[in-house]
Amino acid sequence: MTSTVSAEPVGAVPALRRLYVVRFVFALAWAALLWAQGSELTVAARLLLFLYPAFDVAAAVVDARSARAAGPVKGLYVNMAVSALAAVGVAVAGASGVAGVLGVWGAWAVVSGLVQLLVGVARRPMGGQWAMILSGGISVLAGASFIRSATQDAPSLTALAGYATLGGIFFLFSAIRLPRSAPRN
């Protein structure tokens, strides 16, 4: 009798678990640093705002390399491109103020959230993806909220710290929920 579950996705699980934990730690540290900056666009705040989507690119590269044998990685390639554009866009928008940054960040959150949702759905057979699916959906909603905030009086960057914290928590949940061993028939 042959197995219907490929051993390849299971081999990607430990790497994915490590990546999710690293993403959790990074998100919490980043959020704390951004929150400490407040809503001023200091040089440090601009660097942090650039660093988050840039880190997302690097994480997607690691994810794609470890998941290549597990199946299609097109969504991860799309995420890399979108996050790279967001990093550049946030850097440029930093010159125009908080509203510009929130607009770019919001657009990035919407698109990358959709991608995350689709990748999570595609990875459902691997297990532990419900948090990624939920996180992707919340990212879409949060992104729309950031875009709306950009049009309000006195927009603030502190909501981005909450967004990163929640995203990090979802990565931790996914890391915990990934299966510990290969499924048995």
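The values are calculated or read from the model by the stated rules, or taken from the named source; none is laboratory data. Note that this is a predicted model, so its numbers are computed, not measured. Backbone-built Cβ (ideal geometry, glycine too); neighbour counts: all protein chains shown. Please note that ligands, DNA and RNA were not included when accessible areas were found on the heavy atoms of the full protein model with its side chains. Shrake-Rupley method; radii C 1.70, N 1.55, O 1.52, S 1.80 Å.
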Between the modelled labels at Glu40 and Arg124 (7 Å from Cα along Cα→Cβ) the distance in nm is 4.9 nm
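Order 12-20, 98-106, 34-42 from most to least packed using the mean count of other Cβ atoms within 10 Å. Don't skip to the answer; put the middle values down first.
On the way: 12-20: 18.4, 98-106: 22.4, 34-42: 15.0.
Descending packing order for the listed peptides: 98-106, 12-20, 34-42.
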Counting only protein heavy atoms and leaving out ligands, DNA and RNA, the solvent-accessible surface of Phe170 at a 1.4 Å probe, in Å² to the nearest 10, equals 20 Å²
So the angle from the long Cα axis of helix 43-67 to the longest Cα principal axis of the chain, reported in degrees to the nearest 10, equals 10 degrees
Solvent-accessible surface (1.4 angstrom probe) belonging to Phe173, in square angstrom, nearest 10
90 Å²
Just want the answer: with Cβ charges of +1 for Lys and Arg and -1 for Asp and Glu, which residue in Phe171, Gly137, Pro14 is farthest toward the dipole's positive end in the chain?
Pro14
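Send over a whole-number figure in Å² for the accessible area per residue of the chain, probe 1.4 Å.
Numbers: 9450 Å² over 185 residues.
I get 51 Å² per residue for this part.
Can you pull the percent of the chain's accessible area that's carbon plus sulfur, 1.4 Å probe, other chains left in place? Display every interim value, and only then the final one.
Values: 6530 of 9450 Å².
Its accessible area is 69 percent carbon and sulfur atoms.
Quick check on the chain: helices-only [θ] at 222 nm, where DSSP H runs of length 4 and up contribute -39,500 (n - 2.57) each and the sum goes over total residues. Nearest 500, please. Kindly include the intermediate steps, with their values, before the conclusion.
Working: 6 runs with 142 residues, N = 185.
Computed mean residue ellipticity for the chain: -27000 deg cm²/dmol.
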Three principal axis lengths of the chain [C-alpha, angstrom, descending]:
65, 26, 23
Taking the chain as the reference, fit the longest principal axis to its C-alpha atoms, fit the long axis of helix 158-177 to the helix C-alpha atoms, and give the angle between the two in degrees, 0 to 90, nearest 10.
10 degrees
